[in-house]
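*Asks:* Please read through the structure below; I'll follow up with questions.
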Amino acid sequence: MEKCNVQKADGKLGVLVVGLGAVSTTFMTGVLMARKGLAKPVGSMTQYDKIRVGRGADKKYLKYNEIVPMASLDDIVFGAWDVYPANAYESAIHCEVLKEKDIEPVKDELVKIVPMKAAFDKNYAKRLEGDNVKDVKNRWDMMEQIREDIRNFKKETGVSRVVVLWAASTEVYVPVNEKVHYKLADLEAAMKADDKENIAPSMCYAYAALAEGAPFIMGAPNTTVDIPAMWEMAEKTKMPIAGKDFKTGQTLVKSGFAPIIGTRMLGLSGWFSTNILGNRDGLVLDEPANFRTKEVSKLSTLESILVPEEQPDLYTDYYHKVRINYYPPRNDNKEGWDNIDIFGWMGYPMQIKINFLCRDSILAAPLCLDLVLLSDLAARAGRWGTQRFLSFFLKSPQHDYTQDEVPVNHLFQQYVMLKNAIREMGGYEADEEID
Ligand SMILES: NC(=O)c1ccc[n+]([C@@H]2O[C@H](COP(=O)([O-])OP(=O)(O)OC[C@H]3O[C@@H](n4cnc5c(N)ncnc54)[C@H](O)[C@@H]3O)[C@@H](O)[C@H]2O)c1
């Protein structure tokens with residue numbers, strides 16, 4: 001690490017999670033179990049992946065923490081907010097993602113993670129009934145109360161840095177409104193004027209995090225930090241932001257599989273994706289306005305991989321449809337089906353079917369860990385604003401749409417971006433060699 005000038009990861013790292021549901025408790029339990037040596041953090045890039053640095057005779061393969069100073073699992077201190085008052089142990093048991101035998105050994109630690117009162121507005125998630133909710137005067141006050149929570153958490157735990165991660169329910173779709181979401185001053189004015197329609201509670205969390213010097217990560221498809229006013233806030237506070245929507249099951253497969261079609265110059269006439277899901281996330285997404293947010297995020301993946309303008313014969317007018325159906329018996333074990341209608345030589349049609357029997361939170365937990373640790377790294381490396389190198393973990397990567405920037409959705413291009421950012425922060429040369 002002799003060439004690296006990233007600030008060291010001294011002291012403890014506070015990880016404040018918005019939402020203490022299936023994803024968060026699976027993430028927390030896994031980290032606590034792993035640091036006792038009772039489970040393995042499978043799927044986590046920061047814990048397993050090795051990146052090549054140098055070339056020819058100088059080349060070597062190093063883990064991330066051998067290239068740049070990373071916080072370790074032992075450094076993490078968790079906190080959370082939720083609409084329901086259940087602590088992390090009760091919530092983990094309730095969600096039924098993990099077996100009791102994988103939760104009990106860290107029960108003592110989980111019980112202590114008691115959610116702070118949520119900054120919540122029922123109009124943003126109608127199906128949630130919990131009452132562990134802040135009493136606020138307006139959106140500005142909502143934000144100020146979250147700032148106070150962050151400061152108190154720091155004081156009580158003695159952590160030296162904090163990262164805020166949104167792993168709460170998907171809010172209803174908030175379309176980008178130029179009058180409110182483009183300039184920081186307008187956003188602040190709308191918060192003070194209690195503009196409930198344009199200011200989602202998630203925006204109050206994000207603003208508060210950045211104001212307190214904490215990177216903010218959006219794990220749901222909410223527009224929260226995907227607006228120019230928040231980019232301005234991230235620039236002002238010199239803090240990293242990342243979003244949006246964890247790339248876990250079906251979209252992971254899509255962004256890894258679509259390149260097969262695009263690389264072999266095969267045509268696409270339609271891609272139909274459907275899911276059944278029975279956890280609380282599925283319940284919230286059963287509400288059309290909440291599903292709309294998810295739909296926009298899930299649909300964006302293909303457009304930048306199979307581009308009609310680049311290959312009109314192959315990709316003009318393909319039909320892309322995504323459905324999520326709430327189906328309680330499966331709980332967190334989502335089943336996804338993809339039917340892909342492709343065509344080949346002389347336009348002859350063929351079909352591909354993919355049936356993924358996945359576990360939503362098991363796929364999301366390592367992404368939480370990686371996004372948190374890499375955002376903390378980015379902050380220490382002095383990187384602020386949208387962290388494009390984290391697109392690898394996200395379904396709908398943030399990009400500057402005001403400048404017509406096209407997001408990178410291709411999984412393997414995203415991986416190159418991730419590796420190069422780590423190489424550069426470690427003082428090595430970026431490159432595009434495949435290995
Ligand atoms: N698991 C995956 O594969 C995956 C992939 C992409 C995105 N996501 C997103 O991650 C999020 C979490 O998923 P989950 O399965 O854990 O859902 P969940 O319903 O189990 O947990 C979400 C929790 O957030 C709480 N909440 C809602 N609004 C809140 C607010 N304003 N403040 C504080 N808490 C609030 C809810 O009470 C609930 O306990 C969802 O938005 C989901 O769409 C999940």
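Values in this text are rule-based calculations from the coordinates and carry no lab data. Please read these numbers as outputs of a predicted model, since none were measured by experiment. Neighbour counts run over all protein chains shown; Cβ positions are idealised from the backbone, glycine included.
*Asks:* Does a label point 7 Å from the Cα of residue 63, set along Cα-to-beta-carbon, have any residues of region 25-40 with amide nitrogen under 19 Å, and which are they?
*Replies:* Correct set: 30-40.
*Asks:* Rounded to whole Å, give me the distance from the Cα center of region 122-183 to that of region 87-103.
*Replies:* Here the two parts' Cα centres lie 25 Å apart.
*Asks:* Put +1 on the Cβ of every Lys and Arg and -1 on every Asp and Glu Cβ in the chain; which of 181, 301, 337 then has its Cα farthest towards the positive end of the dipole?
*Replies:* So the residue we want is 337.
*Asks:* Let me ask another. What does the charge add up to near residue 158, with Lys and Arg as +1, Asp and Glu as -1, over the other residues with Cβ less than 14 Å from its Cβ?
*Replies:* Neighbour charge sum, excluding residue 158 itself: +2.
*Asks:* If the elastic network links every pair of Cα atoms under 10 Å, which of 238, 112, 60 fluctuates the most in the Gaussian network model of the chain?
*Replies:* 60
*Asks:* For region 250-357, calculate the relative contact order in percent as a whole number, restricting contacts to Cα pairs under 8 Å that are 6 or more residues apart.
*Replies:* The normalised contact order for region 250-357 reaches 40 percent.
*Asks:* Would you order 257, 216, 27 from fewest to most other beta-carbon atoms within 10 Å of each residue's own beta-carbon?
*Replies:* 257, 27, 216
*Asks:* Let me ask you something else. Nearest 20 debye, what's the magnitude of the dipole of the chain about its Cα centre given +1 on Lys and Arg Cβ and -1 on Asp and Glu Cβ?
*Replies:* 860 debye
*Asks:* When only Cα pairs under 8 Å and 6 or more residues apart are kept, what is the percent relative contact order across the chain?
*Replies:* This gives 20 percent for the chain.
*Asks:* Ok, one more. Given points 7 Å out from each Cα along the Cα-Cβ axis, report the residue 55 to residue 287 separation in nanometres with one decimal.
*Replies:* 5.4 nm
*Asks:* Using packing as a proxy for protection, rank 172-180, 46-54 so that the peptide with the highest average count of other Cβ atoms within 10 Å comes first.
*Replies:* 46-54, 172-180
*Asks:* Counting other Cβ atoms within 10 Å, which chymotrypsin sites (Phe, Trp or Tyr not before Pro) in region 274-372 have at most 13 and lie in a DSSP loop?
*Replies:* Nothing satisfies the criteria.
*Asks:* I've got another one for you. Along Cα→Cβ, 7 Å out, is where each label goes; now give me the distance between the ones at residue 272 and residue 194 in nm to one decimal.
*Replies:* Computed distance between label sites residue 272 and residue 194 equals 4.8 nm.
*Asks:* With the chain treated as a Gaussian network of Cα nodes joined by springs under 10 Å, which of 57, 242, 86 yields the largest mean-square fluctuation?
*Replies:* Looking only at 57, 242, 86, the largest GNM fluctuation is found for 57.
*Asks:* Taking only DSSP H segments of four or more residues, each worth -39500 (n - 2.57), what value at 222 nm results for the chain once the sum is divided by all its residues, to the nearest 500 deg cm²/dmol?
*Replies:* -11000 deg cm²/dmol
*Asks:* Further, regarding this structure: Treat every Asp and Glu Cβ in region 250-357 as -1 and every Lys and Arg Cβ as +1, leave all other atoms uncharged, and give the resulting dipole magnitude about the Cα centre to the nearest 20 debye.
*Replies:* My answer is approximately 340 debye.
*Asks:* Still on this structure: Answer rounded, prolate or oblate for region 236-307, using the Cα gyration tensor with square roots of eigenvalues a ≥ b ≥ c: rounded when a/c is under 1.5, else prolate when a/b is larger than b/c, else oblate.
*Replies:* It is oblate, given that a/c is not under 1.5 and a/b is not larger than b/c.
*Asks:* Now a separate question. What is the order of 350, 233, fewest Cβ neighbours within 10 Å to most?
*Replies:* So the ranking, lowest neighbour count to highest, is 350, 233.
*Asks:* Using a 7 Å offset from the Cα along the Cα-to-Cβ direction at both residue 48 and residue 183, what is the distance between the two label points in nm, to one decimal?
*Replies:* Simple spin-label model gives 4.9 nm for this pair.
*Asks:* Using a Gaussian network model of the chain with C-alpha springs under 10 Å, which one of 122, 137, 244 is most mobile by mean-square fluctuation?
*Replies:* Residue with maximal mean-square fluctuation among 122, 137, 244: 137.
*Asks:* I'd like to know which of 218, 86, 396 lies farthest towards the positive end of the charge dipole of the chain, counting +1 on Cβ of Lys and Arg and -1 on Cβ of Asp and Glu.
*Replies:* Comparing the listed Cα positions along the dipole, 86 ranks first.
*Asks:* Arranged by the count of other C-beta atoms within 10 angstrom, fewest first, what order do 317, 10 take?
*Replies:* Least crowded to most crowded, the residues run 317, 10.
*Asks:* Now for a different question. Count neighbours as other Cβ atoms within 10 Å of each site's Cβ, and list the trypsin sites (Lys or Arg not before Pro) in region 249-319 that are DSSP loop with at most 15 such neighbours.
*Replies:* In loop regions of region 249-319 (DSSP not H, G, I, E or B), the sparsely surrounded trypsin sites (Lys or Arg not before Pro) are 264.
*Asks:* Compute, for region 24-178, the length of the dipole vector about the Cα centre, with Cβ point charges of +1 (Lys, Arg) and -1 (Asp, Glu) only. Units Debye, rounded to 20.
*Replies:* 740 debye
*Asks:* Taking region 263-349, which GluC sites (Glu not before Pro) meet the DSSP loop condition and have no more than 15 other C-beta atoms within 10 Å?
*Replies:* Qualifying residues, ordered by number: 309, 310.
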